[in-house]
Amino acid sequence: MSPGLVEATPQKQPGALYLLFSTEAWERFSYYGMRAILVLYMTKALLINNEHVSKGTASLLYGCYTGLVYLTPLLGGFLADRFLGYRRSILIGGFIMAMGQFLLSAPAAPCFFAGLLCLIIGNGFFKPNISTIVGTLYEEGDPRRDRGFTIFYMGINLGAMFSPIVCGQLLAENPVLGDQGYAWGFRAAGIGMLIGLTTFFFGQRMLGSKGLAPRQVAAKVVPGDQAKGYRPEPQIETERELSRPLTDIERKRVLCLGLIGIVMVFFWMAFEQAGNSMTLFADERIDRNAFGWTMSASFFQFVNPTFILLVAPLISWVWKVTAARGMEPSTPAKMVLGLTFLSLGFVPLLAASGLAGTTGRASWVWLILNYFLHTIGELCLSPVGLSLVTKLAPKKYAALLMGGWFIPVFLGNFLAGATGFLYPSLPHTQFFTIFVVTSLAAAGVLLAVLKPLKGLMGGVH
């Protein structure tokens, strides 16, 4: 099959999905490797005015950084839609992010903040556009779309699974390396980003004309291909398509995304405690000895992506079976389930907090149970949310609205840092109760408005 064509009978996933899967896996290796050690680095190794950063300040910096990482995709999506194209934006973003990781490895505070800035800017170019390209692989109504995004999400978590082990356990928290371990952890994250960038650069021919800049190419047809059962890709957006006003249905669908996004803020506020207060809790209040081996605090961030890879095929199978029986929940209904499981996931932390008290340590099993429940919640919400954007977004605003979908992640991460500031001063049982209540309340609100949201979706499930 020539690079610019797609199969006429879509029974299996497009081959280009696995290129995007691999690219995203290495990018997430880079991001989550850095994320696993960021708070620990600030509180244990980074010196500002000859002092380590306090836990509260580190939490605020973490929240500001992880929040801004998900704000810049709005601008990156706009630039890709109008000028750069998705593929060029991915290459620009990947290069800037690699540079940022290597800056973090320098011991000076100015390099640290410059590195964070590069990661914020680079992610703005990269994040919305690779997800948007995944959406272009499927025609409207293609039943493979949700399952394709679940496969893509597995790529995200394949990279995230290994990064805490390499960047955290083996390098950053390796006592042999001392404070230099953090530098090597950030360098490993930078190398991972370069591998992802190289993978995409040499494999992008598999995408044909998908993801190029607007008005850059026309469809490519090789003589005889149509006789083999293939059809050419559609033309990239014309000037007329880019300038026409939105239809009433399109405006309602954009409104639907905005309303769902408000509720999603509370999901990410709670979920992003994983790299923040939950890492500190693992370091201070969890007995990390298991079968004669002592786990590092950052190692626990290996657990969620591992569960993703194990559970994602099962969740995908459930959606497939329920769809075949005409019983598949709508995307907002799946999100209600996601918020409910997220709330339940903090209950084991309440138990662990009670058992540990103010000076003791609780079993690592409680934290594993927390991550398991959070994983189910994440799979019910995050990949189907990405898929929903590609279903509802008007084509001319595809990357812009994918960037807009990350605004709730930005706000949620910022609130995660702000609430994490309370972690050192509140009893742990009270602190984690905040997220039990907010997540369950958000689930209740979304459940109450399911019917109006279905009306705004204009026939999309």
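The single condition among (1) closer than 25 Å to GLU140 by Cα; (2) over 24 Å from the mean Cα position of the chain (by Cα); (3) assigned to a helix (DSSP H, G or I) that LEU355 does not satisfy is (1).
Just checking, which of SER330, SER363, SER298 is on the phi < 0 side of the Ramachandran plot, surrounded by 21 or more Cβ atoms within 10 Å (Cβ to Cβ) and of a type in the set (Ser, Thr, Tyr)?
On the way: SER330 fails: surrounded by 21 or more Cβ atoms within 10 Å (Cβ to Cβ); SER363 fails: surrounded by 21 or more Cβ atoms within 10 Å (Cβ to Cβ).
So the residue among SER330, SER363, SER298 that is on the phi < 0 side of the Ramachandran plot, surrounded by 21 or more Cβ atoms within 10 Å (Cβ to Cβ) and of a type in the set (Ser, Thr, Tyr) is SER298.
A single entry from PHE83, PHE126 fulfils the requirement of being among the hydrophobic types (A, V, I, L, M, F, W, C) and either under 22 Å from the mean Cα position of the chain (by Cα) or in a loop (DSSP other than H, G, I, E, B) (or both): PHE126. Residue count for the range 177-194 satisfying the condition of being among the aromatic types (Phe, Trp, Tyr) and surrounded by fewer than 17 Cβ atoms within 10 Å (Cβ to Cβ): 0. Against the conditions (1) in a helix (DSSP H, G or I); (2) under 17 Å from the mean Cα position of the chain (by Cα); (3) crowded, with 18+ Cβ neighbours inside 10 Å, LEU71 satisfies every one except (1). Only residues that are touching a Lys or Arg at 6+ places or on another chain (Cβ under 8 Å) and assigned to a strand (DSSP E or B) were counted across the range 264-312, and they come to 3.
Do we find a residue being assigned to a loop (DSSP other than H, G, I, E, B), in contact (Cβ under 8 Å) with a residue 12 or more places away in the chain and surrounded by fewer than 24 Cβ atoms within 10 Å (Cβ to Cβ) anywhere in the range 149-163? Step through it out loud before you land on a result.
Within the range 149-163, the first condition is being assigned to a loop (DSSP other than H, G, I, E, B), and the residues that meet it are none.
Scanning the range 149-163, I find no residue that is assigned to a loop (DSSP other than H, G, I, E, B), in contact (Cβ under 8 Å) with a residue 12 or more places away in the chain and surrounded by fewer than 24 Cβ atoms within 10 Å (Cβ to Cβ), so the answer is no.
Evaluating MET335 against the criteria (1) crowded, with 22+ Cβ neighbours inside 10 Å; (2) not in a helix (DSSP H, G or I); (3) not β-branched (Val, Ile, Thr) leaves one unmet condition, (2).
Is it the case, given these coordinates, that PHE435 is in contact with a Pro (Cβ under 8 Å, 6 or more places away or on another chain) and closer than 22 Å to THR66 by Cα?
In short, no.
Residue pairs whose Cβ atoms lie under 9 Å apart, separated by 6 or more positions or on different chains, with the first residue in the range 404-417 and in contact (Cβ under 8 Å) with a residue 12 or more places away in the chain and assigned to a helix (DSSP H, G or I) and the second among the charged types (D, E, K, R) and crowded, with 24+ Cβ neighbours inside 10 Å, are VAL409/GLU272; GLY412/GLU272; ASN413/GLU272; LEU415/GLU272; ALA416/GLU272; GLY417/GLU272.
Filtered by the rule that a residue be under 16 Å from MET402 (Cβ atoms) and among the hydrophobic types (A, V, I, L, M, F, W, C), the range 84-126 gives LEU84, ILE90, PHE125, PHE126. Taking first residues from the range 90-112 that are without any contact (Cβ under 8 Å) to a residue 12 or more places away in the chain and partners that are among the small types (Gly, Ala, Ser) and crowded, with 19+ Cβ neighbours inside 10 Å, the Cβ contacts under 9 Å between residues at least 6 apart in sequence or on separate chains come to CYS111/SER105.
Counting the residues of the range 48-60 that are crowded, with 19+ Cβ neighbours inside 10 Å and in a helix (DSSP H, G or I) gives 3.
Contact map, the range 302-322: first residue closer than 15 Å to ALA160 by Cα and of a type outside the set (A, V, I, L, M, F, W, C), second residue at pLDDT 90 or above and surrounded by 15 or more Cβ atoms within 10 Å (Cβ to Cβ), Cβ cut-off under 6 Å, separation 6 or more or different chains; pairs are ASN304/TYR371; ASN304/THR375. Out of SER425, SER387, one residue alone is hydroxyl-bearing (Ser, Thr, Tyr) and either assigned to a helix (DSSP H, G or I) or under 12 Å from PHE271 (Cβ atoms) (or both). It is SER387. Evaluated against (1) crowded, with 20+ Cβ neighbours inside 10 Å; (2) under 26 Å from THR306 (Cβ atoms); (3) among the polar types (S, T, N, Q), ASN174 falls short on exactly one condition, (1).
The values are calculated or read from the model by the stated rules, or taken from the named source; none is laboratory data. Treat the numbers as computed from the prediction; the structure is a model and nothing was measured. Quick reminder, even Gly has a Cβ in these numbers, built from the backbone with ideal geometry, and neighbours come from all protein chains shown.
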